Amino acid sequence: MKYLIFVCTLFCSVTLWAQPPAGARARGGAATTGALYGKVLDDQKNPLEYAIIKVSISEVKNDTTISKLVSGALSSGNGDFRVENLPVGKELTVSFELIGFESQERKITIVPSGSSVEKDLGNIKLSQGSTMKEIVIEGDKPDFRIEFDKRIYDVSKNPLNEGGTGEDVMRNIPSVQVDIDGNITMRNASPQIFIDGRPTTLTIDQIPADEIQRVEVITNPSAKYDASGGGGGIINIVLKHNRSTGYNGSIRAGIDKRFKPNGGFDINVQEGKLNFFANANLNVRKRLTTGETSRINLQTDPYTLLEQSQNNINNGYFANGRFGVDWFMDNRNTITFSQEFRRGTFNPTDYTETVTDTLGQDDTNPVSFYYRNSETERYFQNWGSSILFKHLYAKEGKELTADINFNTFNSGFEGTYDNIYSTGINTFQKQTGSGGQDLYTAQLDFVDIYNNKIKLEAGVRGSFRQYSSSFENYNLVDDSFVLISNLGVNYKYTDQVYAGYFNLSNNGEKWKNQIGLRVESSDYKGELVDTTITFRNQFPLSFFPSAFITRVINSKQDIQLALNRRVNRPNFRNLVPFTDYSDSLNIERGNPALKPEFTYSGELSYQYVINDKHTFLATIYGRYTTNTTINYIISEYSDVLGKDVVINTYANAKSSNASGLEIVFRNKWTKWMEMTTNFNMYNATIDGSNISANLKNSRSTYWLKSNISFRLPQNFMISVMGDYSSKKALDPGGTSRGGGGGDFGGGRYGGTDNTVQGYVEPIYGFDISVRKSFLKSKSLSVSLMMSDVFRTRVSRTHSESEYFVQDVFRRRDPQMWRLNVSWKFGKLDQSLFKRKNTNQSSEMIDG
């Protein structure tokens with residue numbers, strides 16, 4: 001009876017004191033809480049039921065220190081316990097009591113965090129001789145931080161991203177460059193794009209910015225990560241996934257300069273062993289692009305001058321939904337089920353005017369002119385399902401995770417082209433295409449720590465991809481479309497990669513080392529379905545070692561050397577042997593015989609954390625690549641056009657090497673001003689003598705990017721981003737937007753990336769946003785952002801070859817602004833679906 005009275009007294013106290021104390025709010029108004037869990041055992045490792053866990057806090061009143069109960073719990077039949085909604089920023093005392101056993105206490109310090117922080121206390125043994133142990137739970141991290149092998153940027157707090165896409169997010173990340181077409185480069189190479197640590201079938205402009213929590217930039221990946229991506233490293237996009245007790249979420253809506261809306265919501269509800277989460281987004285767009293091309297054709301006698309102007313209007317939308325459930329089987333075993341759906345439809349219309357004239361002639365009339373009006377309908381849709389299992393061992397740092405993922409992606413287009421020629425012959429053409437892929441992945445990872453210094457990571461992974469596409473071209477003849485058989489293509493391939501890896505690291509006081517090895521077996525098989533032509537690249541066993549050596553100079557400075565080997569496999573656009581005539585100045589064709597690139601890279605970094613307000617990071621990096629994929633131009637006779645044409649295609653150059661210097665500053669100059677600056681200087685050389693004796697290219701460039709945030713009175717925040725890229729030689733390699741949802745023919749502008757000669761003029765831009773927060777909790781906010789404020793993001797390219805001399809001008813969506821409103825809501829409640837006294841309440845929070 002005495003034990004029962006004590007238990008009842010405990011829970012009455014918990015009910016009165018379980019609410020988070022006033023003032024325990026993190027930046028942004030969100031109530032900050034922590035959670036503890038573990039298992040109570042006896043000396044024989046048998047679980048103990050009904051052990052009492054109490055969490056108390058000491059306060060000083062009238063010069064007297066008193067202990068006040070904050071929260072508590074009872075252990076279950078298997079010994080598990082969990083205590084939630086713990087205040088932060090103060091020392092807590094956790095006690096474990098059970099009749100017949102000696103009590104135990106532990107001192108806990110919880111560092112403030114913007115969301116619930118969980119800590120596994122491991123197995124608590126109630127026996128003679130228990131000792132005190134202090135535990136520090138890591139809490140909120142700054143918007144930018146550096147970890148052992150990556151840099152992490154919390155993008156959810158940047159108002160420049162609100163209402164945008166992943167393309168807008170990447171534009172604000174240091175070390176990452178995004179051109180006006182959305183192509184991503186990192187240290188002047190194309191990175192691999194991941195979502196939640198796994199490869200994706202999506203492009204970055206198909207991911208809503210409001211769905212992204214943080215971005216992890218991994219410049220020199222260890223053996224833990226996929227070997228794909230070559231020297232460009234990995235960009236991992238981490239989506240929002242909240243597990244706070246009770247319910248919380250946000251609702252947002254906005255409109256842009258062209259009165260196109262965007263909106264969405266996210267919510268999660270946790271009760272007991274289940275956490276439900278869901279989000280949805282809609283983004284409607286209208287993009288305007290203009291372009292001008294001037295080309296001197298050197299294949300004619302006399303030479304001819306071609307001048308072309310283009311105007312493109314692209315209307316469309318994309319929508320996505322994602323939902324799932326976390327099942328907390330017990331404190332150490334969790335299964336997560338999730339499902340997502342994305343769909344987009346775009347309708348670009350394009351008007352092209354081309355005038356051709358001879359050079360050095362006296363006549364004033366042009367040789368020819370040509371007009372083309374095109375209208376295209378495009379769509380894509382993606383289904384994704386995943387199951388994740390996570391097991392935490394009682395030993396801190398030891399865990400096992402397993403996941404299975406399935407993604408299916410489908411896309412298609414139909415375009416019509418009305419061509420008007422000066423000869424009086426007009427044509428009307430139609431082009432259709434479709435593509436799809438299924439991607440299956442499964443992965444198992446294990447982590448263990450020995451003697452608090454030695455860490456072992458090991459795992460296996462398998463992926464299987466099926467890809468197919470088809471294109472058909474038609475001419476209008478007598479009011480009906482007739483198939484042009486020699487312009488069609490039906491292509492498919494399968495890509496399999498199976499891998500195993502291990503990393504072994506030693507976390508010493510002065511030296512921190514990690515060595516790893518990844519072994520991959522890959523097999524690519526492609527075929528032209530309507531022919532007997534097949535292609536295959538097979539690597540039964542490839543080894544990808546990695547090594548990291550860190551020398552800790554003192555608590556503020558360290559030097560790290562990182563080395564690895566990686567592979568860059570050709571993507572669909574590089575491989576498909578379809579000749580795209582949609583832009584007569586830029587006829588394109590893939591090369592299904594392309595081989596993967598193999599890259600050996602290294603970097604030497606120096607980090608100086610001056611204090612918690614100022615950080616300096618400098619990196620010297622270099623890489624050597626074999627079978628480098630380059631853009632390559634050829635001239636051949638076209639049966640379709642009945643003349644010699646220049647075709648942009650791809651080839652494997654012999655090798656390439658690159659080196660550079662990157663510097664990152666993070667400075668919090670005052671309480672109200674924070675700044676991140678990135679400088680990159682780069683040089684690369686390509687040897688394509690295996691293709692042509694004169695095919696060599698060397699290029700140098702530098703670029704600068706700076707992000708500045710001002711926190712002003714009255715809950716105002718101003719964010720600005722400026723970037724500048726110097727003049728540089730044309731990029732010999734292709735770029736990729738990541739994923740598998742690339743363009744399918746038609747409607748692309750611009751000049752060729754000729755690897756012989758050429759350059760890109762300097763480009764720079766400036767973005768700004770202003771956000772105002774309302775309500776006492778700052779849960780309501782209004783933001784206004786504008787990109788390319790001074791209309792300076794213009795692409796100007798000059799290229800030369802033995803076939804032509806060409807200058808290209810392009811601009812897309814200058815001075816685009818968006819107005820967005822968002823509201824965050826939530827309630828901390830451990831018994832959300834249970835009847836309770838109406839006098840009890842939980843404090844409202846901001847998500």
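List every residue pair whose Cβ atoms sit under 7 Å apart, with the two residues 6 or more apart in sequence or on different chains, where the first one lies in the range 312-330 and is more than 16 Å from LEU239 (Cα to Cα) and the second, anywhere, is open to solvent by less than 50 Å² (accessible area, probe 1.4 Å) and outside any strand (DSSP E or B). Close Cβ pairs (under 7 Å, with a partner that is open to solvent by less than 50 Å² (accessible area, probe 1.4 Å) and outside any strand (DSSP E or B)) amount to ASN312/GLY747; PHE318/GLN206. Going by the conditions given, is GLY249 assigned to a strand (DSSP E or B), open to solvent by less than 50 Å² (accessible area, probe 1.4 Å) and within 30 Å of ASN347 (Cβ to Cβ)? Here the answer is no, as GLY249 does not meet what is asked. The residue that is surrounded by the most Cβ atoms within 10 Å (Cβ to Cβ), counting only those in the range 314-335 that are under 30 Å from TYR351 (Cα atoms) and not small (Gly, Ala, Ser), is PHE318. The set of residues in the range 370-395 that are surrounded by fewer than 18 Cβ atoms within 10 Å (Cβ to Cβ) and under 20 Å from the mean Cα position of the chain (by Cα) comprises TRP383, SER385. Scanning the range 259-279 for residues being within 13 Å of GLY249 (Cβ to Cβ) and outside any strand (DSSP E or B) gives a total of 0. Candidates PHE825, PHE809: the one that is at pLDDT 90 or above and either open to solvent by less than 20 Å² (accessible area, probe 1.4 Å) or within 33 Å of the chain's Cα centre (by Cα) (or both) is PHE809. Does the range 683-696 contain at least one residue that is in a strand (DSSP E or B) and at pLDDT 90 or above? The answer is yes; a qualifying residue exists. Restricting ASP181, ASP210 to those that are surrounded by fewer than 20 Cβ atoms within 10 Å (Cβ to Cβ), at pLDDT below 85 and over 11 Å from the mean Cα position of the chain (by Cα) reduces the list to ASP181. If the condition is being over 20 Å from MET721 (Cα atoms) and of a type in the set (A, V, I, L, M), then the range 769-807 contributes LEU775, LEU780, VAL805. Report yes if PHE446 is of a type in the set (Phe, Trp, Tyr) and either at pLDDT 95 or above or at positive phi (or both), otherwise no. Yes.
Checked against (1) within 19 Å of the chain's Cα centre (by Cα); (2) open to solvent by less than 60 Å² (accessible area, probe 1.4 Å); (3) not β-branched (Val, Ile, Thr), LYS240 passes all but condition (2).
Please specify each residue of the range 286-301 satisfying the condition of being assigned to a strand (DSSP E or B) and touching a residue at least 60 places away in the same chain (Cβ under 8 Å). Of everything in the range 286-301, those that are assigned to a strand (DSSP E or B) and touching a residue at least 60 places away in the same chain (Cβ under 8 Å) turn out to be ARG287, LEU288, THR289, THR290, GLY291, GLU292, THR293, SER294, ARG295, ILE296, ASN297. Quick one: in the range 196-207, which of the residues that are in contact with a Gly (Cβ under 9 Å, 6 or more places away or on another chain) and open to solvent by 10 Å² or more (accessible area, probe 1.4 Å) is farthest from GLY254 (Cα to Cα)? Here the answer is PRO199. Scanning the range 697-723 for residues that are out of contact with any Lys or Arg (no Cβ under 9 Å at 6 or more places or on another chain), open to solvent by 60 Å² or more (accessible area, probe 1.4 Å) and modelled with pLDDT of 90 or more turns up LEU704, LEU712, PRO713.
Residue-level check: of (1) open to solvent by 20 Å² or more (accessible area, probe 1.4 Å); (2) touching a helix residue (DSSP H, G or I) at 6+ places or on another chain (Cβ under 8 Å), THR401 misses just (2). Within the range 522-545, no residue satisfies the criterion of being more than 30 Å from ASN486 (Cβ to Cβ) and outside any strand (DSSP E or B).
Summed over the range 546-575, residues that are part of a strand (DSSP E or B) and open to solvent by 60 Å² or more (accessible area, probe 1.4 Å) total 5. Here the condition is being open to solvent by 60 Å² or more (accessible area, probe 1.4 Å), at pLDDT 85 or above and part of a strand (DSSP E or B); of TYR606, TYR650, TYR637, it holds for TYR606 alone. Does any residue of the range 591-603 turn out to be touching a strand residue (DSSP E or B) at 6+ places or on another chain (Cβ under 8 Å) and under 29 Å from THR349 (Cα atoms)? Within the range 591-603, one or more residues are touching a strand residue (DSSP E or B) at 6+ places or on another chain (Cβ under 8 Å) and under 29 Å from THR349 (Cα atoms). Here ASN331 meets each of (1) in contact with a Phe, Trp or Tyr (Cβ under 6 Å, 6 or more places away or on another chain); (2) within 23 Å of ASP168 (Cα to Cα) with one exception, condition (2). In the set THR345, THR300, THR358, THR349, only one residue is of a type in the set (Val, Ile, Thr), over 30 Å from LEU388 (Cα atoms), under 25 Å from the mean Cα position of the chain (by Cα) and open to solvent by 30 Å² or more (accessible area, probe 1.4 Å); that residue is THR345.
Which residue is nearest to GLY79 (Cα to Cα), if the candidates are limited to the range 124-134 and must be open to solvent by less than 60 Å² (accessible area, probe 1.4 Å) and modelled with pLDDT of 70 or more? Applying the filter and picking the extreme gives ILE124. Cβ-Cβ contacts under 7 Å between residues 6 or more apart (or on different chains), taken from a first residue in the range 67-79 that is among the hydrophobic types (A, V, I, L, M, F, W, C) to a second residue that is open to solvent by 50 Å² or more (accessible area, probe 1.4 Å), are listed as LEU69/TRP17; VAL70/TRP17; ALA73/ARG82; LEU74/TYR50. Kindly indicate whether ALA499 is in a strand (DSSP E or B) and free of Cβ contacts under 8 Å to residues at least 60 places away in the same chain. When the stated conditions are applied, ALA499 does not pass them. Would a scan of the range 74-94 turn up a residue that is modelled with pLDDT of 80 or more, basic (Lys, Arg) and either touching a Ser or Thr at 6+ places or on another chain (Cβ under 7 Å) or open to solvent by 60 Å² or more (accessible area, probe 1.4 Å) (or both)? Yes, there is a match, as at least one residue in the range 74-94 is modelled with pLDDT of 80 or more, basic (Lys, Arg) and either touching a Ser or Thr at 6+ places or on another chain (Cβ under 7 Å) or open to solvent by 60 Å² or more (accessible area, probe 1.4 Å) (or both).
Do we find that VAL215 is assigned to a strand (DSSP E or B), β-branched (Val, Ile, Thr) and open to solvent by less than 10 Å² (accessible area, probe 1.4 Å) in this structure? Spelling it out, VAL215 is indeed assigned to a strand (DSSP E or B), β-branched (Val, Ile, Thr) and open to solvent by less than 10 Å² (accessible area, probe 1.4 Å). LEU239 meets all of the listed conditions (1) within 30 Å of ARG810 (Cβ to Cβ); (2) touching a helix residue (DSSP H, G or I) at 6+ places or on another chain (Cβ under 9 Å); (3) of a type in the set (A, V, I, L, M, F, W, C) but one, namely (1). Among the criteria (1) at pLDDT 90 or above; (2) open to solvent by 50 Å² or more (accessible area, probe 1.4 Å); (3) in contact with a strand residue (DSSP E or B) (Cβ under 6 Å, 6 or more places away or on another chain), the one SER726 does not fulfil is (2). GLY750 satisfies every condition listed in (1) open to solvent by 40 Å² or more (accessible area, probe 1.4 Å); (2) modelled with pLDDT under 85 except (1).
The values are calculated or read from the model by the stated rules, or taken from the named source; none is laboratory data. Everything numeric in this text was worked out from a predicted model, so none of it was measured. Cβ: placed from backbone, ideal geometry, glycine included. Neighbour counts: every protein chain shown. Just the protein is used for accessible areas: all its heavy atoms, side chains included, with ligands, DNA and RNA removed. Shrake-Rupley method; radii C 1.70, N 1.55, O 1.52, S 1.80 Å.
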